[in-house]
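Chemist: This is the structure, below, for whatever I ask next.
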Amino acid sequence: SGIVSALGRTNIQGLGYQNFIQTDASINPGNSGGALINLKGELVGINTAIYSPSGGNVGIGFAIPSSLAERIMRQLVQHGQVRRGSLGVEVQDITENLARAFNLVKNSGVIVTNVEEDSPAHIAGLKPGDIITHLNNTKVSNQHDFENQEGLFELNTRIKINYIRDEDEDQTTASITTFDRKEFDGDELHSGLEGAHFVNLPSRLKDTYQGVLIDEIQRGSPAWNQGLRSGDLVTSINKKSVNNLKQVKNILDNSKKSPVLNIYRNYRNYILVLE
């Protein structure tokens, strides 16, 4: 019947930045990308995905809000790609135990676990242990919510960050910049990597390992069918060593043939040709 049942839906498996409209409008594999309109005939969203145990519509569908689709369209027209920025922080959810340890009334917000040197967050004065509660006056509920808000700000936007440090509330400002991204969905890198999620190695592992990490992969996805698995380290592409995702993207963007990946898995090295 086309009823909107929720706004701002997240945690939809296999999709990247998320801020979906949930609706029971009939969405099937053949009409994703179609318009979700209101009773006035106005565009409110772009149909994107469904939840279905059987593959058919069961009344749970998701659409990208038209405001977000418009921003993405403008970037594609102006720049030929979607440009997303970063604050340069790693964060995690606040559990009940952490909330008690930090004497927080509620376990909402996120705790900063790492601040990249010379990043916007570093320049703004954020430190590990800070509790980020709001971005531009919008409440931060959890890690996923933080990453969505961060990734959906337009480049060079200056935002206000509210945080708690040593039980004192404070605020600072930072600019969303093209500071190197720490994670990519596979389809942002290569069509054959769809279904995989790539991250830079955490600082604690860089002294021991080299490469970029696949930390999640969907069973049956193109990346899975290529032979990739969660926990794989991509150590080189086309005989060029890689240490971060910026290098991976540059090599794949300029690869004229099927890329050749060197994979490190369970103390063994493998070679994989990406189709």
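The values are calculated or read from the model by the stated rules, or taken from the named source; none is laboratory data. Please read these numbers as outputs of a predicted model, since none were measured by experiment. Positions of Cβ are generated from backbone atoms using ideal geometry, with glycine treated the same way; all protein chains shown enter the neighbour counts.
Chemist: Could you list, in sequence order, the residues of the range 12-48 that are crowded, with 16+ Cβ neighbours inside 10 Å, within 19 Å of Asp185 (Cα to Cα) and either of a type in the set (S, T, N, Q) or at pLDDT 70 or above (or both)?
Modeler: The answer is Gln18, Asn19, Phe20, Thr48.
Chemist: Restricting to the range 132-155, what's the tally of residues that are surrounded by fewer than 15 Cβ atoms within 10 Å (Cβ to Cβ) and at pLDDT 85 or above?
Modeler: 4
Chemist: Scan the range 170-179 residue by residue and report those that are at pLDDT 90 or above and either of a type in the set (Lys, Arg) or within 15 Å of the chain's Cα centre (by Cα) (or both).
Modeler: none
Chemist: Of all residues in the range 83-103 being touching a residue at least 24 places away in the same chain (Cβ under 8 Å), farther than 16 Å from Val140 by Cα and not hydrophobic (A, V, I, L, M, F, W, C), which is surrounded by the most Cβ atoms within 10 Å (Cβ to Cβ)?
Modeler: Kept after step one, since they are touching a residue at least 24 places away in the same chain (Cβ under 8 Å), are these residues of the range 83-103: 83-94, 102-103.
Checking which are farther than 16 Å from Val140 by Cα leaves us with 83-85, 88, 102-103.
Checking the rest, the ones that are also not hydrophobic (A, V, I, L, M, F, W, C) come to 83-85, 88, 103.
Details: Arg83: 13, Arg84: 18, Gly85: 20, Gly88: 24, Asn103: 9.
Restricting to residues being touching a residue at least 24 places away in the same chain (Cβ under 8 Å), farther than 16 Å from Val140 by Cα and not hydrophobic (A, V, I, L, M, F, W, C), the top hit is Gly88.
Chemist: Here's another thing I want to ask about it. Which residue, of Phe198, Phe102, is at pLDDT below 95 and assigned by TED's automatic domain parsing to the domain that holds Ser241?
Modeler: Of the residues listed, the single one that is at pLDDT below 95 and assigned by TED's automatic domain parsing to the domain that holds Ser241 is Phe198.
Chemist: Got a sec? Which strands (runs of 3 or more DSSP E) wholly within the range 180-224 have at least 3 residues that are buried (at least 17 other Cβ atoms within 10 Å of the Cβ), under 18 Å from the mean Cα position of the chain (by Cα) and touching a residue at least 60 places away in the same chain (Cβ under 8 Å)?
Modeler: Details: elements: 183-185, 196-200, 212-217.
Result: 183-185.
Chemist: Next question, about the same structure. Filter the range 104-162 down to the residues that are in contact (Cβ under 8 Å) with a residue 12 or more places away in the chain, hydrophobic (A, V, I, L, M, F, W, C), farther than 20 Å from Ser175 by Cβ and part of a loop (DSSP other than H, G, I, E, B) and list them by number.
Modeler: Listed by number, the list holds a single entry, Leu104.
Chemist: Oh, and also: Return the residues of the range 219-237 that are at pLDDT 95 or above and in contact with a helix residue (DSSP H, G or I) (Cβ under 6 Å, 6 or more places away or on another chain); say none if nothing qualifies.
Modeler: Of everything in the range 219-237, just one residue is at pLDDT 95 or above and in contact with a helix residue (DSSP H, G or I) (Cβ under 6 Å, 6 or more places away or on another chain), namely Ile237.
Chemist: Ser255: closer than 23 Å to Gly80 by Cβ and assigned to a loop (DSSP other than H, G, I, E, B), yes or no?
Modeler: The answer is yes for Ser255.
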